[in-house]
Amino acid sequence: MSTSTSAAVKREARLDTAVAEPTNVLIVGVGGQGVITVSKILAQLCLQNKLKVKQSEIHGMAKRGGAVFSHVRFGSEVYSPTIPLGQADILLALEWAEGLRWLSYLNPDSGTFISDTQMIIPPFSCRDRERGATSNYVHRTLDQVKQHVPNAFAVDATGMATELGNPRTANTVLLGMLSTALDFTVEDWQAIIAQSVPPKTLQVNQKAFVLGREWIQSDKHIAAREHVEEATPPAAPMVDNVVVDLEITEAWCKGCDICVKMCPERCLVLNSNEIVELTDPDACTGCRLCEWLCPDFAIAVHVQKIETTVAEHR
Amino acid sequence: MTNGSASLVRFQDAAASAEPEIRSFMGNEAIARGAWEAGVKVGTAYPGTPSTEILESLGTYPAEDVDAQWSTNEKVSLDVAIGASFGGVRAMCAMKHVGLNVASDSLMSQSYIGVNGGLVLIVCDDPGMHSSQNEQDSRVFGQFAMVPVLEPSDAQEAKDFTKLAFALSERFDTPVIVRSTTRLSHCRSPVVLGEREQFSTKGFKDIPSKHVALPSNARIRHPIVLEREQKLKEYMNASSLVRWEPGSKEFGIITLSTCYTYVREVIPQASILKLGASYPLAEDVVRRFCDSVERVLVAEELEPVIEKELRAMGIEIEGKKYFPRVGELSPEILREGLHTAGIINELPKTTDFNVETVARPPVLCAGCSHAGTYMALRTIDARVMGDIGCYTLGAIEPLKAMDACVSMGASIGMAVGMAKANATDKPIVATIGDSTFMHAGIPPLIDAVYNNANITVLLLDNHTVAMTGGQDHAGTGRTLRGEETHRIDFEQIIRAIGVKWIKTVDSYDVGSLFRTYREAIQYDGVAVVISDRPCALDPVKIKGTPFQVRSDGCTACQMCMNLACPAISWSNELFDGHHKVKIDQTTCIGCSMCAQVCPSDCIQLNEAGAT
Ligand SMILES: Cc1ncc(C[n+]2csc(CCOP(=O)(O)OP(=O)(O)O)c2C)c(N)n1
Ligand code: SF4
Ligand code: SF4
């Protein structure tokens, strides 16, 4: 390198812009499911086939049960590490709602959607303590997905792996399915799987791979489609809509604090006279815990039913 | 000298000829590799996403080659690297963007002083704030400190630029920053491996007029720094760090870092000027490039750093008019901007499928030792000044017992201020993690004692830097390479500072937590409670006998769910219209906290479920 200003900047001939577009595989799931492992296996396979490959993930929060995604792009040349919206060739989902979350990344004309029907409902969405509360887990069937992407497969890979005797091979079942959509040879796939799994589990993993591969190639997926519809949670329960009224007998309260500590809604406090007080009536769900726990019967919870309706899925 | 610009071409050449080894590296691993190949002798860091893996990876190279260490905080880590550079060896320190704020005091002066052995800072920005408290653009620091900022675009360049950074550092007598972003640090792509350069120590050079930052010396050094800037500009003008890829005469883009890859993806027909460094600018080349095309846009992430420079040079360009100043850039955002600018006609078709699936925010782990702490804390109804770590999740429902959180170590100082403001009847509590305490929590605790503040400090000692993936620190008794070392005793430090009221409690003993916190807030003065229990994930993944809910006893009060344990969720059974709960047997680690708070006593050990 020279510091002289006169040296002309090297103008590089444009790399061939006609290089084939890279193949884009988006792998998604929930922290702990093995999204990163699956994408590393695919990336390694590409590398061994002398392809350029980029694998991009955000894994800062992965271990905490959050959504995890990994973009794998490969071909003779790859620029952006992330797959542009609407350009994923394959969306491989290890969990149903995660598959739906990323559907807009799939190429609407030619994309292939492969998803495990496993549903992991985050406890975070079970935080509503009202009567008849429902989690807000998404409910969509494979047929609804098919209206947006033609090639869609939903499969109970976890179930298939469990039948094989090792539920942890579910991802290998999915790799078997993925293999039908990519150009690598079966031998290459088997070799990379052998490199990536613990030797003790090699045989069951190889079986799992074949199982997944054959499943897509046969018409078994028709049967499994019914399975997704079944797996959709049942209709919301009937609920009683109620009004709750808390009756506090101040004279009996000795300020022991038990109800204040134990109220799950934290809507009770001890006031300046050390007597319990309801501070947030809207938050009270009428769970009766304070009524049951008060050693001095100072709290009575009155729950009055108004009407019965069907709880709505939110 | 390494030529970063031709990385892709080199990749092909290499594959064709002698077949050097090619490996798929994360950007961070590539940076570590580059430093090792450059003969780095001392590498330091304080962990911080997305930079953490750099030192973890450097620690996998032979100990004879490189001393890789976790430092107490970023400033210490830079100071250690500076000392090593003075000592005549090549030194590197890595940090996340906000770490540079902490280290900046030394950087500003070291810029005047220069280097002996090459001194390289790796700074990893987090556009989009995937796991950070802000998305500051560190490139501004480069301009501020007047040190060069190299910006690789993929893993190969990350390795090559890091190597080059050491050479530039010595050649121009300056610290050099290599700036990465989450997207580069955590993206894997193929890297051609090279040999390690044998770098023998230059030995200490006794030049007090250069090495001692006294006003009289610094006055002489400042103009030298300005000259250096000029020389660096000249260097950049001729350097292959800058790559001109001719294309359309109508339209050109100036870009760098991963933004370059988005540009190549979206608009390969444009003329492209890829800068390898955002500071100092290759001014002559930039001028010629702008003259050669009719319209020029700058595509850069976050702040308009280059755009402003070009404007200052009197060049007509556009940039942030079309591209956002917030968040990560991506091919689709770039495409949209170019569409608005009238450069791209059509946007590609996307699937018209838009459903809200389900939110999956990060949560504390099952059995996290912070859960009971915040549950207990919420009931004492205090003003809680929080800090940064896994326990910041104590700020959200259902724990919701943190009122403010600003930066590493800020909690105790903020609590002192709160107490001095005397604006609340509530007790004032600071919560701080073990690693954060060591990072920046000790000086404010001294401040609290010195200034006689009436506050309670909860030191949440989970024996690791959990948030960033479970690294060791001075309080764990292990080094970065896993060797045993002296373990700092928190209680001794706190006592030595002059705190009179100290208690240690088991973070899993919910009853004691309630009682101890109540006692501590009664104390007039600085009280410290050490909540002690290892993190459920690191250094050892804990898995005990799981607990299960006896469903016929569950009254659906969902008290246990206030712990925010992800193993606990609704069962299908209802009681009086409310959901009963169930415990996921594979997720539960058997911490027993839910059983302790269950008013109906229906959460019990499942001996049959023990693994
Ligand atoms: C200046 C700065 N450096 C590093 C980080 C990255 N970081 C976030 S939290 C954290 C440490 C947390 O450790 P600790 O205090 O022990 O709490 P824990 O996560 O273990 O609960 C670090 C290093 C940061 N946010 N800011
Ligand atoms: S990693 Fe450790 S400290 Fe962080 S949430 Fe999990 S158990 Fe808690
Ligand atoms: S014992 Fe309870 S709180 Fe602890 S991990 Fe298991 S379910 Fe969660």
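Here are a few things to note about the model shown:
- Using C-alpha pairs below 8 Å separated by at least 6 residues, the relative contact order for chain B is 11 percent.
- Descending principal axes extents, the range B:22-193, alpha-carbon based, whole Å: 37, 37, 28
- For the protein assembly as shown, adding -39500 (n - 2.57) for each run of n ≥ 4 DSSP H residues and dividing by the number of residues yields -9500 deg cm²/dmol at 222 nm.
- In this entry, the protein assembly as shown is assigned a mean projected area of 41.0 nm², taken as a quarter of its C-alpha convex hull surface.
- Taken along its principal axes, the alpha carbon cloud of the range A:240-313 reaches lengths of 42, 19, 17 Å, longest axis first.
- Under Karplus coefficients 6.51, -1.76 and 1.60, residue-wise ³J(HN,Hα) of the range B:563-577 in Hz, glycine/proline x: 7, 6, 6, x, 7, 9, 8, 6, 9, 7, 7, 10, 10, 6, x
- Average other protein chain Cβ within 10 Å of Cβ, residues A:92-104: 3
- Mean partner shielding of peptide B:358-369, defined as the number of other chain Cβ atoms within 10 Å of each residue Cβ, is 6.
- Pair-distance distribution P(r) for the range B:347-456, from all Cα-Cα distances in 5 Å bins starting at 0: 2, 12, 20, 19, 16, 9, 5, 4, 4, 4, 3, 2, 1 percent.
- Rg(Cα)/(2.2 N^0.38 Å) for the range B:98-226, N = residue count: 1.16
- Relative packing of B:212-225, B:486-499, which averages over residues the other C-beta atoms within 10 Å, highest first: B:486-499, B:212-225
- Degrees between helix B:283-292 axis and first principal axis of chain B (Cα, 0 to 90, nearest 10): 70 degrees
- Shown for the range B:370-532 is the translational diffusion coefficient from the Stokes-Einstein equation, using the Kirkwood radius over Cα pairs, a temperature of 4 °C and a viscosity of 1.567 mPa s: 83 µm²/s.
- Selection among B:His463, A:Gln144, A:Ala300 by position relative to the dipole of the protein assembly as shown gives B:His463 as farthest towards the positive end (Cβ unit charges, Cα centre).
- The Rg/Rh ratio of the range B:547-609, with Rg taken over Cα atoms and Rh as the Kirkwood radius over Cα pairs, comes to 0.92.
- Karplus-derived HN-Hα couplings along the range B:459-464 (A = 6.51, B = -1.76, C = 1.60, θ = phi - 60°), whole Hz, x at Gly and Pro: 9, 8, 8, 10, 6, 6
- In chain B, the longest principal axis of the Cα atoms and the axis of helix B:155-172 are about 70 degrees apart.
- Solution diffusion estimate, µm²/s, Stokes-Einstein, the range A:61-148, Kirkwood Rh from C-alpha pairs, 25 °C, viscosity 0.890 mPa s: 164 µm²/s
- Between the helical axis of B:510-522 and the longest alpha-carbon principal axis of chain B there is an angle of about 80 degrees.
- Estimated vicinal HN-Hα couplings, Hz - the range B:140-148 in sequence order (Karplus 6.51, -1.76, 1.60; Gly, Pro = x): 4, 4, x, 5, 4, 8, 6, 10, x
- Each eigenvalue of the Cα gyration tensor of chain B, multiplied by 5 and square-rooted, gives one semi-axis; in descending order these are 47, 31, 23 Å.
Readers should treat all values here as calculations from the given coordinates under stated rules, not as data from a laboratory. Because the structure is a prediction, the values reported are computed rather than measured. Cβ: placed from backbone, ideal geometry, glycine included. Neighbour counts: every protein chain shown.
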